[in-house]
């Protein structure tokens, strides 16, 4: 029968090995301490003179704005689906609205550069545009073929 607890000799070897390893250097914060003319440290300032972490906060703000086209598409699609769901008589109009939103998304994907497309860019630009336009065309044909409901 094997015991799961390590033996005393194994524990001693592990302690010796840990003591023999060099101590890890203390982790530095993201904000480097800058010294003024008198040699005093100015904590909370980065090397460029700005507030610590300001570069990272600006980058996350830009990442949020990069997702704005995707957020607009999702909101418009949600509104069209709610409009269709309100009553069974809006199915044709809702389908045409979703087709129009997909066409607008294809044009947006075509017009925006790669760095600004955000989550609209999942493949190469022309592939995304072709897929969105094909889905829009299919829904447009389905919406036009649906009979008008009284």
Answer yes or no: is there a residue in region 82-95 that is closer than 20 Å to residue 65 by Cβ and assigned to a helix (DSSP H, G or I).
no
Which residues, taken from region 117-129, are outside any loop (DSSP other than H, G, I, E, B) and exposed (fewer than 15 other Cβ atoms within 10 Å of the Cβ)?
119, 126, 127
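All of the numbers you see were taken from the coordinates with simple rules; none came from a lab. Remember, it's a predicted structure, so these values are computed and weren't measured experimentally. Using ideal geometry, Cβ is built from the backbone for each residue, glycine included, and neighbour counts are taken over all protein chains shown.
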